Amino acid sequence: MIVEKAREWLKKAETDLKVASILIREGIYDYSLFHSQQAVEKYLKAFLTYHNKPFGKTHNIPLLLSLCAEIDQRFEDLLKLDFSILFPLGVTIRYPIGREITEDEAKEAME
């Protein structure tokens, strides 16, 4: 059951990543960034689900990374990176924020 649930998270993450790529090609950068954020979030939740680690309802990527680091120390290196393009911007971009997302920002989020 746990493995199947983790696979479901992975499948959703893969779909988000594909959608982000398509949206960049179409010049829809804000929603590309959003789907990149969603992909990262879901990949982390897949890992946590696989390891039966509760994470609650959150979009907070640094928090999810911290939980992952409790299981596997290799995640600690990722905590040193700047994820501000993905969180909180990747979540808030669904709403008017007073500026446009650039192609470079959308590509950075995908990376």
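Against the condition assigned to a helix (DSSP H, G or I) and modelled with pLDDT of 95 or more, how does Val40 come out, does it pass?
yes
Can you name every residue in the stretch 13-40 that is of a type in the set (A, V, I, L, M, F, W, C), touching a helix residue (DSSP H, G or I) at 6+ places or on another chain (Cβ under 7 Å) and surrounded by fewer than 21 Cβ atoms within 10 Å (Cβ to Cβ)?
Ala13, Leu17, Val19, Leu23, Ile24
Within the stretch 56-83, count every residue that is assigned to a helix (DSSP H, G or I) and among the polar types (S, T, N, Q).
Our first condition is that a residue be assigned to a helix (DSSP H, G or I); within the stretch 56-83, this holds for 61-71, 75-79.
With among the polar types (S, T, N, Q) added as a condition, the list becomes 66.
So the count comes out to 1.
Given the conditions (1) out of contact with any helix residue (DSSP H, G or I) (no Cβ under 8 Å at 6 or more places or on another chain); (2) polar (S, T, N, Q); (3) in contact (Cβ under 8 Å) with a residue 60 or more places away in the chain, report the number of the one that Gln73 does not fulfil.
Unmet for Gln73, out of (1) out of contact with any helix residue (DSSP H, G or I) (no Cβ under 8 Å at 6 or more places or on another chain); (2) polar (S, T, N, Q); (3) in contact (Cβ under 8 Å) with a residue 60 or more places away in the chain: (3).
Which residues, taken from the stretch 41-62, are open to solvent by 40 Å² or more (accessible area, probe 1.4 Å) and in contact (Cβ under 8 Å) with a residue 40 or more places away in the chain? Step through it out loud before you land on a result.
In the first step, residues of the stretch 41-62 are kept if they are open to solvent by 40 Å² or more (accessible area, probe 1.4 Å); the result is 43, 47, 50-57, 59-60, 62.
Within the stretch 41-62, Phe47, Tyr50, Asn52 qualify.
Pull up the stretch 90-111, narrow it to residues that are outside any loop (DSSP other than H, G, I, E, B), closer than 19 Å to Ser21 by Cβ and at pLDDT 90 or above, then point me to the one that is most open to solvent (accessible area, probe 1.4 Å).
Going through the qualifying residues, I end up with Asp104.
The values are calculated or read from the model by the stated rules, or taken from the named source; none is laboratory data. Note that the coordinates shown come from a computational prediction; the quantities given were computed from them, not determined experimentally. Cβ atoms come from the backbone with ideal geometry, glycine included; neighbour counts cover every protein chain shown. To get the accessible areas, we keep the full protein, side chains included, count just its heavy atoms, and leave off ligands, DNA and RNA. Shrake-Rupley method; radii C 1.70, N 1.55, O 1.52, S 1.80 Å.
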